[in-house]
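J.: This is the structure I want to talk about, given as structure tokens.
The values are calculated or read from the model by the stated rules, or taken from the named source; none is laboratory data. Treat the numbers as computed from the prediction; the structure is a model and nothing was measured. As a convention, Cβ positions derive from the backbone with ideal geometry for all residues, glycine included, and neighbour counts pool all protein chains shown. These accessible areas exclude ligands, DNA and RNA; they are computed on the full protein's heavy atoms, side chains included. Shrake-Rupley method; radii C 1.70, N 1.55, O 1.52, S 1.80 Å.
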Amino acid sequence: MTSRALATKALVFDVFGTVVDWRGSIIREGQALGRRKKLNVDLPAFADGWRAGYRPAMARVRSGELPWTRIDDLHRMILDDLLRRFPLGRFSEAEVDHLNRVWHRLKPWPDARAGLAKLKRRHVIATLSNGNVALLTNMAKHAKLPWDCILSAEVVRHYKPDPETYLGAADLLGVKPAELMMVAAHKDDLHAARACGLKTAFVPRPREYGPAARPDVSRDPAFDFHARDFNDLARQLAR
């Protein structure tokens, strides 16, 4: 095992896009809804539009424009706007609430369950997501994700990439920042974690934004590990 792996006591994971396929999950659930209600909607555009509102909504919280607002409520704000832009017809409040909670029912990437189970043998594994605790807990139950614990921006009331999120995770897990590794498919998340003293592992998810997307999945020498998937990361950490 490498010295970097030996010094790592816990792994924390970005979730949306890194562990679960948010886009494919929303499209699939939208297709089922469309069949029931006989809708004709551009579901990829709908999913992309919902996700596109994510960062601007968090920025309003981080800037102080909005008070602390959990992701479930930010997702609902974005959804309410989308329902005015897309021809989805009439929905009851219960139906809109159920649709908003699709984020609680996201499907994992094919390697996620087995890879996390392997990583868990040697390390504590936890979420470190901007998703709220209830969302992440329900998602773990639905997707059978074997976390040791659920950590969320909600706990420290700071959204990534605020340093308080990464340093708060280290404090909550009782480890030094250098003993904690951030695992993510997003380079900006990893650079922010690295600036706080965490180790970093890049696990690209080239299909996060669909088959036509061309995300930057190149190796970055700033990161401690670059792995094809969670199984590959487990192999690298075991060396």
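J.: If you take every DSSP beta bridge whose two residues both sit in the chain, what share of them, in percent to the nearest 5, is antiparallel?
T.: 10 percent
J.: In nm, what is the difference between 0.36 nm times the number of residues separating Ala212 and Tyr54 and their Cα-Cα distance?
T.: Taking Ala212 through Tyr54 to full extension adds about 54.8 nm, to one decimal.
J.: Pulled fully out, how much extra length does the chain show between Arg101 and Arg113, if you take 0.36 nm times their separation in residues and subtract their Cα-Cα distance?
T.: Length difference between fully extended and current span is 2.2 nm.
J.: Related question: Please give the FRET efficiency for Ala94 paired with Lys37, using the beta carbon to beta carbon distance and R0 = 22 Å, rounded to the nearest 0.05.
T.: E between Ala94 and Lys37, to the nearest 0.05, is 0.95.
J.: Now, a different point. How much accessible area per residue does the range 90-239 have, counting only protein heavy atoms and a probe of 1.4 Å, in square angstrom?
T.: Per-residue accessible area for the range 90-239 comes out at 46 Å².
J.: Say R0 is 25 Å: what FRET efficiency, to the nearest 0.05, do Arg157 and Ala195 get from their beta-carbon distance?
T.: Approximately 0.80, to the nearest 0.05.
J.: Which value, in debye to the nearest 20, gives the size of the charge dipole of the range 33-159 about its Cα centre, when Lys and Arg are +1 and Asp and Glu are -1 at the Cβ?
T.: In total the dipole reaches around 560 debye.
J.: Follow-up. Keeping the other protein chains in place, figure out the carbon and sulfur percent of the accessible area of the chain, with a 1.4 Å probe.
T.: Carbon and sulfur together cover 52 percent of it.
J.: Now a separate question. For Lys118, which lysines qualify as cross-link partners when the Cα separation must be under 28 Å and same-chain residues fewer than eight apart are set aside?
T.: Cα-Cα hits under 28 Å: Lys9, Lys107, Lys141, Lys144, Lys160, Lys176, Lys187, Lys199.
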